[in-house]
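The values are calculated or read from the model by the stated rules, or taken from the named source; none is laboratory data. Computed from a predicted structure; not experimentally measured. Here the Cβ is made from the backbone with ideal geometry for all residues, glycine too, and neighbour counts use every protein chain on show.
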């Protein structure tokens with residue numbers, strides 16, 4: 001498939017990447033968009049992997065929530081688009 | 001329920017392929033023995049990593065097909081001709097070969113038996129895999145939650161788990177399976193013969209007044225079309241959980 005829409009994945013696709021960074025199951029964590037205030041589980045957000053890193057966007061307004069780049073033994077995590085990330089204590 | 005956070009130590013493990021079953025011309029199920037497997041939930045996936053002789057690595061996510069009740073892990077993989085990983089997994093891999101994987105991954109797209117809500121499962125192509133783990137989980141524990149599966153495939157030969165679905169639906173009246181074939185149909189085909197549409201959803205999906213729980217898995221365009229039709233049918237977006245696989249797969 002080459003349709004543009006099929007380049008879009010969802011937060012389930014970065015469950016492994018987030019798991020290796022945070023050592024937590026992150027797809028059920030909930031993030032509040034810093035742009036429009038919509039709250040979504042990470043599993044629900046839009047994810048684009050066809051870039052040098054993963055770009056995570058709010059499904060409601062399109063704001064970039066998170067950018068994650070992994071390389072040369074490091075992670076760069078830009079979370080400036082997320083106002084709040086809520087995790088339930090185990 | 002939806003926000004349970006399970007701490008995981010996500011490290012790469014080596015599994016040994018014990019069995020390979022060809023499901024369709026392009027799809028195979030690999031059963032993998034992972035010595036320290038921690039167990040999983042229906043709907044979760046694993047990441048599989050291949051390393052070439054020169055150190056180049058390619059990694060893809062595959063849904064777990066086996067229910068939590070089975071000790072051996074099974075993944076069902078569709079071979080994508082231009083893929084980097086799937087042509088190796090479906091075609092070259094043999095029993096006793098080793099594969100590197102990590103998981104289980106995911107806590108959002110997960111169904112646990114005992115949830116009282118009626119269940120609607122909508123699959124496009126190999127999107128059936130995590131939904132099959134849910135159906136098998138339900139069968140393994142004898143859960144009687146009414147389930148309807150709407151499953152879209154290209155052709156009859158592309159229907160994954162066809163016999164098992166027939167058997168399970170025949171043995172248990174609380175499971176209903178509706179197939180649609182979008183590309184070609186054999187003479188005498190009695191299922192649907194078109195892409196998902198509002199009339200099909202009207203006939204197959206639970207009425208909105210039932211407040212069902214919905215899992216949709218398939219290519220991104222399929223998932224978005226199906227979710228849109230269900231919202232038009234009166235479902236709340238919050239009832240619907242989706243998992244997409246797109247052009248980065250394979």
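Some values worked out for this structure:
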{"item": "Any hit, the range B:44-62, residues being farther than 22 Å from residue B:11 by Cβ, surrounded by 13 or more Cβ atoms within 10 Å (Cβ to Cβ) and not assigned by TED's automatic domain parsing to the domain that holds residue B:139", "result": "no"}
{"item": "Residue B:5 vs. criteria within 14 Å of another protein chain (Cβ to nearest Cβ) and at pLDDT 95 or above", "result": "no"}
{"item": "Residue within the range B:72-94 that is at pLDDT below 95 and within 21 Å of residue B:10 (Cα to Cα) present", "result": "yes"}
{"item": "Count of the range B:46-58 residues which are more than 14 Å from residue B:31 (Cα to Cα) and in contact with a helix residue (DSSP H, G or I) (Cβ under 8 Å, 6 or more places away or on another chain)", "result": "2"}
{"item": "Residue count, the range A:25-43 (criterion: over 19 Å from residue B:240 (Cα atoms) and in contact with a helix residue (DSSP H, G or I) (Cβ under 8 Å, 6 or more places away or on another chain))", "result": "1"}
{"item": "Residue A:62, sole failed condition from (1) at pLDDT 95 or above; (2) within 12 Å of chain B (Cβ to nearest Cβ); (3) at positive phi", "result": "(2)"}
{"item": "Complete set of residues in the range B:104-121 that are over 16 Å from residue B:138 (Cα atoms) and assigned to a strand (DSSP E or B)", "result": "B:104, B:105"}
{"item": "Options B:90, B:77; residue that is within 20 Å of the chain's Cα centre (by Cα), in a helix (DSSP H, G or I) and either surrounded by 21 or more Cβ atoms within 10 Å (Cβ to Cβ) or in the same structural domain as residue B:156 (by TED's automatic domain parsing) (or both)", "result": "B:90"}
{"item": "Single residue of B:101, B:131 found to be in contact with a strand residue (DSSP E or B) (Cβ under 7 Å, 6 or more places away or on another chain), touching a residue at least 60 places away in the same chain (Cβ under 8 Å) and part of a helix (DSSP H, G or I)", "result": "B:131"}
{"item": "Flag for residue B:226 being surrounded by 14 or more Cβ atoms within 10 Å (Cβ to Cβ), touching a strand residue (DSSP E or B) at 6+ places or on another chain (Cβ under 7 Å) and closer than 27 Å to residue B:78 by Cα", "result": "yes"}
{"item": "Listing of strands (runs of 3 or more DSSP E) fully contained in the range B:26-74 that carry 3 or more residues being over 19 Å from residue B:219 (Cα atoms)", "result": "B:27-33, B:45-51"}
{"item": "Strands (runs of 3 or more DSSP E) (entirely within chain A) containing at least 3 residues that are surrounded by fewer than 16 Cβ atoms within 10 Å (Cβ to Cβ)", "result": "A:64-71, A:74-78, A:82-86"}
